[in-house]
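Structure first, then comments.
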Amino acid sequence: MLKIDSIFKTFNPGTINENRVLNGLSLHLKEGDFVTIIGGNGAGKSTVLNSVAGVFPVDYGTITINGVDVTKLSEYKRASLIGRVFQDPMTGTAASMNIEDNLALACRRGKKRGLRWGITSKERKEYRSLLSSLGLGLESRLSDKVGLLSGGQRQALTLLMATLVKPKILLLDEHTAALDPKTAAKVLSISDQIVKKNNLTTMMVTHNMKDAINYGNRLIMMNKGQVILDISGDEKKHLTVEQLLGKFTEAAGEEFTSDSAILG
């Protein structure tokens, strides 16, 4: 489903601020893989997601989604293949529009738009059903402006919008980091529910090691722009935070501490 082969990315090349963020990184995801990605600050986690989304071009290497080489495609040309939820709950929705209009926009993503915009009664019924599955009471607030929602409600709505038209790849970029612990746990549970229900191929960047262990079927650890650990199956199911820290020390040749900005 997703093939990332030997990609390199250097920002500000040839200057005093030159920074090689990705260093020959390769990663292959099968359809339905839910991969959690962890690593210290500067490891290249978000840069990988941005590379897949086409936010910027990679210097070398190739990226293939569902058999299509998208390496040189612009971000908007990849948009129909990708769903994405960012860290900021304010990103991804239109605050001045109501809930049902936001959902309608997401539903029509990638489709030709004619002169008719009206939301049908059938669509409204589907929206209520989908919102009801979130367990947040939003199904009775279709006419409410999105700007009135809490951060957790808005992030859950963004998740729904990102997956309303099933994407080939779902990118979750620290999407619970700005939420309080209770709300973050709820949004993570909703994320897991949506991913499993739709069998979505997903990459989730997180700073929380427990969440990285508890969610998904694969865990990737990055360091200095490369994948240094790829854990799945029974090994991941029985993994502890302490064991993961030990594996990092062994693989990277350096000790992981709280200063590594990975402990949640």
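The values are calculated or read from the model by the stated rules, or taken from the named source; none is laboratory data. Please read these numbers as outputs of a predicted model, since none were measured by experiment. Positions of Cβ are backbone-derived with ideal geometry, glycine not excepted, and every protein chain shown enters the neighbour counts. Just the protein is used for accessible areas: all its heavy atoms, side chains included, with ligands, DNA and RNA removed. Shrake-Rupley method; radii C 1.70, N 1.55, O 1.52, S 1.80 Å.
Inter-label distance, SER143 to ALA251: 5.3 nm, where each label sits 7 Å from its Cα along the C-beta direction. Normalised by residue count, the chain yields a Cα convex hull volume of 146 Å³ per residue.
Loop-located GluC sites (Glu not before Pro) in region 1-96 (DSSP state other than H, G, I, E, B) with a sparse environment of at most 15 neighbouring Cβ atoms within 10 Å: GLU18, GLU31. For the pair VAL241 and LYS224, label points projected 7 Å from Cα toward Cβ lie 2.7 nm apart. With the convex hull drawn around the C-alpha atoms of region 87-166, the volume per residue stands at 97 Å³.
Label zone (LYS210, point 7 Å along Cα-to-C-beta; backbone nitrogen cut-off 19 Å) within region 166-191: 174-191. With contacts taken as Cα pairs under 8 Å at a separation of at least 6 residues, the chain carries a relative contact order of 27 percent. Working note: 222 nm ellipticity from helices only, DSSP H runs with n ≥ 4, each -39,500 (n - 2.57), summed and divided by the residues of the chain, gives -9500 deg cm²/dmol to the nearest 500. Charge dipole (Cα centre; +1 on Lys/Arg Cβ, -1 on Asp/Glu Cβ; no other charges) of the chain amounts to roughly 1460 debye. Could you compute how fast region 1-153 diffuses translationally, taking Rh as the Kirkwood radius over C-alpha pairs and applying Stokes-Einstein at 20 °C with viscosity 1.002 mPa s? Give it in µm² per second. Here the translational diffusion coefficient equals 117 µm²/s. When the C-alpha to C-alpha distance is required to be over 21 Å, the pairs from LYS45/LYS186; LYS125/LYS168; LYS30/LYS247; LYS196/LYS237 that qualify are LYS45/LYS186; LYS125/LYS168; LYS30/LYS247. Considered as an equivalent ellipsoid built on the Cα gyration tensor, region 150-264 has semi-axes of 26, 16, 12 Å, the largest given first. Only Cα pairs under 8 Å and 6+ residues apart enter the sum, and on that basis the relative contact order of region 129-264 stands at 17 percent. At full extension, ALA178 and ASP88 could sit 31.7 nm farther apart than now, given 0.36 nm per residue minus the alpha carbon distance.
Quote the FRET efficiency, to the nearest 0.05, computed for SER133 versus ARG20 with a Förster distance R0 of 51 Å and r equal to the Cβ-Cβ distance. Can you show the working numbers first?
On the way: r = 43 Å, r/R0 = 0.84.
Plugging the Cβ-Cβ distance into 1/(1 + (r/R0)^6) gives 0.75.
Taking Lys and Arg as +1 and Asp and Glu as -1, the other residues whose beta-carbon sits under 14 Å from that of SER140 total +1. Close amide H pairs (under 5 Å, H built 1.01 Å from N) link VAL21 with LYS9, THR10, PHE11, residues at least 5 positions away or on another chain.
Taken as Cα centroids, region 120-198 and region 1-67 sit 27 Å apart, rounded to the nearest whole angstrom.
Counting only protein heavy atoms and a 1.4 Å probe, region 180-240 has 47 square angstrom of accessible area per residue.
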